[in-house]
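Structure first, then comments.
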Amino acid sequence: MERTLSIVKPDGVRKNVIGEVIRRFEHAGLRIAGLRMLRMSVKDAEAFYVVHKERPFYASLAQFMSEGPIVVMVVEGENAISRVRQIMGATNPKEAAPGTIRADFASDIEHNIVHGSDSANSAAYEIPFFFPTIEIF
Ligand code: UDP
Ligand code: MG
């Protein structure tokens, strides 16, 4: 069993696809082990994406991720990290495989609906960023 952190980003909440994202995870046999809606400050978003702090898109990304509420979730299952990434599709929706969340709903490389941890190391940072142990079931 593996756990990963996924986020319905502000554009996903705005586009009314919270349920659709969760449905796709559940339909794939993954289990929602934690779930919450919240809004990050710019500083929260900078801390969450600190691995990208040298990237040119960092400031814009932190702005975007704090512009409205998000839904954060812990997703659990066998190979949950890579399977969530597959269901999400490539970062750039133009390159995302047909039938993935990003191919179906994302408008551009920044506003791409959903986040998923990219490795066990990332998940180990990202899950406790939002979830205390007593909120993971
Ligand atoms: N992003 C962006 N421009 C880029 C690459 C990424 O705005 O050229 C944003 C996008 O929202 C992406 C996030 O930064 O989801 C984190 O980038 P990463 O490379 O980690 O992509 P992901 O793991 O989300 O597919
Ligand atoms: Mg990433």
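Considering the stretch 1-16, the residues that are within 13 Å of the chain's Cα centre (by Cα) and among the aliphatic types (A, V, I, L, M) include one that is farthest from Val74 (Cα to Cα), namely Val13. Counting only residues that are more than 13 Å from the chain's Cα centre (by Cα) and outside any loop (DSSP other than H, G, I, E, B), the stretch 66-79 holds 2 of them.
Taking the stretch 101-128 as the range and being within 13 Å of the chain's Cα centre (by Cα) and more than 13 Å from ligand 1 (Cβ to nearest atom) as the test, only Ile127 passes.
Tell me which residues, restricted to the stretch 110-137, are among the β-branched types (Val, Ile, Thr) and either away from ligand 2 (no atom under 13 Å from the Cβ) or modelled with pLDDT under 95 (or both). Selection gives Ile113, Ile127, Thr133, Ile134, Ile136. It is to be established whether one or more residues within the stretch 36-43 are in a helix (DSSP H, G or I) and exposed (fewer than 13 other Cβ atoms within 10 Å of the Cβ). Yes, that holds for at least one residue. Just one of the listed residues (Pro93, Pro98) is more than 13 Å from the chain's Cα centre (by Cα), surrounded by 16 or more Cβ atoms within 10 Å (Cβ to Cβ) and part of a loop (DSSP other than H, G, I, E, B), and it is Pro93.
The values are calculated or read from the model by the stated rules, or taken from the named source; none is laboratory data. All of these numbers come straight from a predicted model, not from anything done at the bench. Virtual Cβ from ideal backbone geometry, glycine too; neighbours counted across all protein chains shown.
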